[in-house]
Structure formats: C-alpha cells, structure tokens
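S.K.: The structure under discussion is supplied below as structure tokens; questions concerning it will follow.
The values are calculated or read from the model by the stated rules, or taken from the named source; none is laboratory data. Just so it is clear, the model here is predicted, and its values are computed rather than measured. Neighbour counts are summed over all protein chains in view; Cβ atoms, including those assigned to glycine, are modelled from backbone coordinates with ideal geometry.
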Amino acid sequence: MSEIKLKSAEEISVMRESGRLLAAVFDYLDDFVVVGVSTMAINNLVEEYITQQLNARPASKGQYGYQYVLNSSVNNVVCHGVPSETQKLKSGDIVNIDITLEKNGFIADSSKMYMVGNVSPLAQRLVTKTYEAMWEGIRTVKPGATLGDIGYVVQRFAEKNGYSVVREYCGHGIGREMHEAPEVLHYGERGDGVILQEGMVFTIEPMINQGKAKVKMKKDGWTVITSDKKLSAQWEHTVAVTATGYEVLTLRTSENIQ
C-alpha cells in the first residue's frame, strides 16, 4: 500500500454522502433478508437499488475480478462469501452482508449482520458481541491514538467474551480507492502502529469467531470459512478521524450512536 492519504474537509463531505447512501441500502434491505430468499436475490436487489435508485456505483463489482456487488457470508463463512441462486437463507442462519458504494469518486464500505428467523441464543450472542467489539474499536478513534489501540480494545473485548479474532483479514484505509493505507488490525498492543491524525478515513470491521481463530479458503478462491466449522460474525463501518474524535460515515438510521 502507498502512504496514507489524509482527506480534506471537502473530500470528507463527499465521503459523508457516499456513506449516507450506503446506510440507506442497508435500511432498504432490512425487510428483504428473510427465510427463503437466495443470496443472489439479495445481490440483485442491491445492484438495482444502488444503480437505479441512488444513481451510484457498486464499487465491489469488477474489483479484483469479482463479479458481484456484495459479499454474503452465512454462518461459518468468515468473509467474502459469494452470492448464489441456490443458497437460500434458512431459519436460524446468521448472515453478513458486505457492500461498497461509490458516489462522486469516493467509496464507502460497510457490513451488517442479519439474523434470519429463529436464531439460537448462542448465535445471537456472537452477533451482538461482535457489534459491540466493533464499537469498542470505533470509540478509541481520535487524533493521537494509534492503530494498535484499536486492535487492542477489539481483541480484549472479544477474548473476554470467549471468542477469537481472525487475523488474516483486517480493516483498511478508504477513499478514491477501496483499499488504501493503512491496514487496520483487530488485534494488537496499545501504543503500537500508526498515530491517528485528523483526515484519516478507514474501516473497522472485526471478524469474530465462536471457536478458534484459524480460517481456510474454499476452492472458489473467495469464500473464507472457519477451520472448525463454528460460527463467525462481522460488522463494519467507515470511520473518519475528526479534530476531536471520530465520525461514522456509514451510520444507519436504525443505529443509536454508541
């Protein structure tokens, strides 16, 4: 990755609009992610909504040769699940929907967990605690803090709750490109790594496993699953470092600021 690109107030204003539109996509999806729907149907709905209703671009489509507008990661899929006509959501499933959106040259990136039908208490707890872990990281963001501070609080929270943190995949800087410097690890030590400055924009997107942290990739070259077949969850927001703290650019209307 190249050096970190600090965003101006004007650029962050444009990114704020990309983030607002992406948040609207998730609000639109809320009533659609239900028992019986295929992950490809979700993909197609999102593509139509982004391109036709929001006059924006799904930034994932065509990136690194990927054919779809989102990742749909169900149950033991950690990340990068590929939409499928034959994969239909069942009662009890948990699914992460990860979407990117570009508007006026700048990209926003966010993901949300959906609990489908009657989900077990253990699965519900994983989803909830992963969300809380993400917010532990977000609340750490301010000028003078470090990337290691973010990783430390996420890891500590996850492990305190009996979970493990995936290490092979991480958050990232974002702007005109989907993946910019720096890498944002979800584990680490306080004080380590890059010092945060106003104008930095990056994602915080912990992947938290019910069992061990070890993962493996399926033969499709995209789908990453837990090695022990236990559940995994992930949430993601795009976050800007402000003069006094942080701003979540992809905050959804259904969320209360933590």
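S.K.: So T250 passes all but one of these: (1) within 17 Å of L126 (Cβ to Cβ); (2) buried (at least 21 other Cβ atoms within 10 Å of the Cβ). Which condition number does it fail?
M.R.: Going through the list (1) within 17 Å of L126 (Cβ to Cβ); (2) buried (at least 21 other Cβ atoms within 10 Å of the Cβ), T250 breaks only (1).
S.K.: If you don't mind, there's one more thing I want to ask. With respect to the numbered conditions (1) among the hydroxyl-bearing types (S, T, Y); (2) within 19 Å of the chain's Cα centre (by Cα); (3) in a loop (DSSP other than H, G, I, E, B); (4) surrounded by fewer than 18 Cβ atoms within 10 Å (Cβ to Cβ), which one is the sole condition not fulfilled by Y68?
M.R.: All conditions pass for Y68, except number (4).
S.K.: When you scan region 236-258, how many residues do you find that are touching an Asp or Glu at 6+ places or on another chain (Cβ under 7 Å) and of a type in the set (D, E)?
M.R.: The total comes to 1.
S.K.: Moving on. Please go through region 71-116 and pick out each residue that is at positive phi and over 15 Å from the mean Cα position of the chain (by Cα).
M.R.: N75, G92, N104, G105, listed by residue number.
Let's see how each residue does on (1) under 23 Å from T146 (Cα atoms); (2) among the β-branched types (V, I, T); (3) modelled with pLDDT under 95:
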| position | (1), (2), (3) |
| --- | --- |
| H172 | yes, no, no |
| G191 | yes, no, no |
| V194 | yes, yes, no |
| K212 | no, no, no |
| K218 | no, no, no |
| V239 | yes, yes, no |
| E247 | yes, no, no |
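S.K.: Could you check region 169-222 and list, in sequence order, the residues that are assigned to a loop (DSSP other than H, G, I, E, B), surrounded by 20 or more Cβ atoms within 10 Å (Cβ to Cβ) and hydroxyl-bearing (S, T, Y)?
M.R.: The one that is assigned to a loop (DSSP other than H, G, I, E, B), surrounded by 20 or more Cβ atoms within 10 Å (Cβ to Cβ) and hydroxyl-bearing (S, T, Y): Y187.
S.K.: Also: I need the full set of residues from region 9-49 which are among the hydroxyl-bearing types (S, T, Y), closer than 30 Å to Q197 by Cα and crowded, with 21+ Cβ neighbours inside 10 Å, in order please.
M.R.: Scanning region 9-49 gives a single hit, S18.
S.K.: Filter region 79-100 for residues that are farther than 22 Å from R57 by Cβ and touching a helix residue (DSSP H, G or I) at 6+ places or on another chain (Cβ under 6 Å); which is surrounded by the fewest Cβ atoms within 10 Å (Cβ to Cβ)?
M.R.: E85
S.K.: Answer with yes or no whether A59 is buried (at least 20 other Cβ atoms within 10 Å of the Cβ), within 16 Å of the chain's Cα centre (by Cα) and either at negative phi or among the aliphatic types (A, V, I, L, M) (or both).
M.R.: It is true that A59 is buried (at least 20 other Cβ atoms within 10 Å of the Cβ), within 16 Å of the chain's Cα centre (by Cα) and either at negative phi or among the aliphatic types (A, V, I, L, M) (or both).
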